[in-house]
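One structure below.
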Amino acid sequence: PPPAGASPGALNPFDRRLKRKQKNWAALQAEPAKCDYLREEVGGRIADRVFDITRTFPLALDVGSGRGYIAQHLTKETVEKLIQVDIAENALKNAVESEIPTVRVVADEEFLPFKEDTFDLVVSSLSHGLCVCVLQIHQVLKPNGVFIGAMFGGDTLYELRCSLQLAELEREGGFSPHVSPFTAVADLGHLLSRAGFNTLTVDTDEIQVNYPGLFEVMEDLQGKYILCMGESNCSWNRKPLLHRETMLAAAAIYQEMYGNSNGSVPATFQIYYMIGWKYHESQAKPAQRGSATVSFGDLAKIEGLLKRGKK
C-alpha cells in the first residue's frame with residue numbers, strides 16, 4: 001500500500017491486493033479455459049517469437065504466467081527448464097501442463113525473488129503492471145539474455161470506454177474509469193531503454209471480437225474474460241458500480257457509433273509486443289556516426305546503377 005500521506009496512485013496506479021483477489025477468484029471459476037482464448041492466442045504469438053531466436057535457453061522465467069499460456073506452446077528443445085511466477089496461487093494450481101520441466105512460484109511480479117543474472121530468457125504475456133517490473137526483469141536476466149513480452153495497448157476497448165464516458169457525462173454529469181489504464185506505444189521504447197535493454201523491437205497488433213451488444217461485452221469482460229484473466233479494473237480511482245440508466249444509454253451509444261451491419265458490436269484489443277536484450281560484449285554494435293559510405297540520397301539512383309552494372 002502507498003505510504004502515509006501519499007496519494008494511492010503516487011507510486012503505483014493499481015491496487016495489488018485487489019488484483020490478487022481478482023486473479024484468485026477468476027482461477028476458481030468453472031471451465032476457465034473458455035475465457036482464455038485471447039491469452040492463449042497471445043501466448044502462442046510470443047512462443048513464435050521465441051522460436052525465431054535460433055538458440056536453446058537452459059533456464060527461462062514466465063512473469064505473470066497465470067495458467068501457463070506461453071508454456072503450452074513452447075518445446076523442451078527450445079526451453080530446457082521454466083519457472084512460472086504469478087501473484088495468484090490458484091492460477092498456478094490450475095496451470096496447464098507442458099512438456100517442459102516447470103517450477104511454480106507464488107510471488108508478486110513487481111518484486112521478483114531471484115538473484116541477478118539468473119535467467120537466459122524472460123517472457124510475459126498480458127501481465128498486469130508489466131511496465132512496473134521491467135527493471136527487475138533486466139536485473140534477473142543474464143548478459144545476452146532476452147526479454148519477450150506482450151501487454152495491452154492504449155486503444156484496447158476504446159469502443160467500450162468511449163460509450164461509457166459519453167453515457168456517464170450525459171446521465172451523471174461526469175465519468176470515472178471502468179477499465180484499467182493502458183500504456184501508449186510511444187512510451188514502451190523509452191521504458192525498455194531506461195531499464196537497460198538494447199536492440200529493441202516493438203510492434204503492435206489488434207484482435208477484434210464481436211458481441212451481440214454492450215451487455216454481452218460487459219459480461220464477458222467481468223464474468224468470463226476479464227475476471228477469468230484477473231484483469232478487472234483495479235486502479236485506485238475506480239468507481240464501484242454503474243447505474244442502470246447509464247448502462248442503457250451506453251448500450252445505445254455503443255450500437256449507434258460502432259455497431260456492425262449485422263447488429264453485433266466490436267470490441268478491439270490492441271496488443272504491444274516487445275523484445276529487448278541485455279547487453280553483452282559479443283553483441284553486434286552500431287557503426288560509428290559518420291562512417292557510412294553511401295548516402296540515402298543515392299537510393300533514388302540505385303535502379304540506374306544496377307542497369308549500368310549489368311551492361
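The values are calculated or read from the model by the stated rules, or taken from the named source; none is laboratory data. Note that the coordinates shown come from a computational prediction; the quantities given were computed from them, not determined experimentally. Here the Cβ is made from the backbone with ideal geometry for all residues, glycine too, and neighbour counts use every protein chain on show. Keep in mind that these areas ignore ligands, DNA and RNA; they rest on the heavy atoms of the full protein, side chains included. Shrake-Rupley method; radii C 1.70, N 1.55, O 1.52, S 1.80 Å.
Which of the listed residues, 266, 302, 288, is farthest toward the dipole's positive end in region 260-311, when Lys, Arg count +1 and Asp, Glu count -1 at the beta-carbon?
302
For region 67-178, compute Rg over Rh where Rg is the Cα radius of gyration and Rh is the Kirkwood radius from the inverse mean 1/r over Cα pairs.
On the way: Rg = 18.3 Å, Rh = 16.4 Å.
In region 67-178, Rg relative to Rh is 1.11.
Pop out the carbon and sulfur fraction of the accessible area of region 65-196 as a percent, whole number, probe 1.4 Å. The partial results should precede the final answer.
On the way: 2760 of 5350 Å².
It is 52 percent, rounded to a whole number.
Between their Cα atoms, which of 76/142; 93/278; 76/285; 142/285 are more than 27 Å away from each other? Spell out each step's value before the answer.
Working: 76/142 20 Å; 93/278 32 Å; 76/285 31 Å; 142/285 18 Å.
Checking Cα-Cα distances, 93/278; 76/285 exceed 27 Å.
By average Cβ neighbour count within 10 Å, what is the ranking of 75-88, 104-117 from highest down? Kindly include the intermediate steps, with their values, before the conclusion.
Numbers: 75-88: 19.8, 104-117: 14.7.
Going by the mean number of other Cβ atoms within 10 Å, highest first, we get 75-88, 104-117.
What's the extension gain from residue 279 to residue 199 if we count 0.36 nm per residue and subtract their Cα-Cα distance? Walk me through the numbers on the way to the answer.
On the way: separation 80, 0.36 × 80 = 28.80 nm, distance 0.88 nm.
This chain segment gains 27.9 nm when fully extended.
Residue 111 versus residue 306, label points 7 Å from Cα toward the beta carbon: distance in nm?
Label at residue 111, label at residue 306, 5.9 nm between them.
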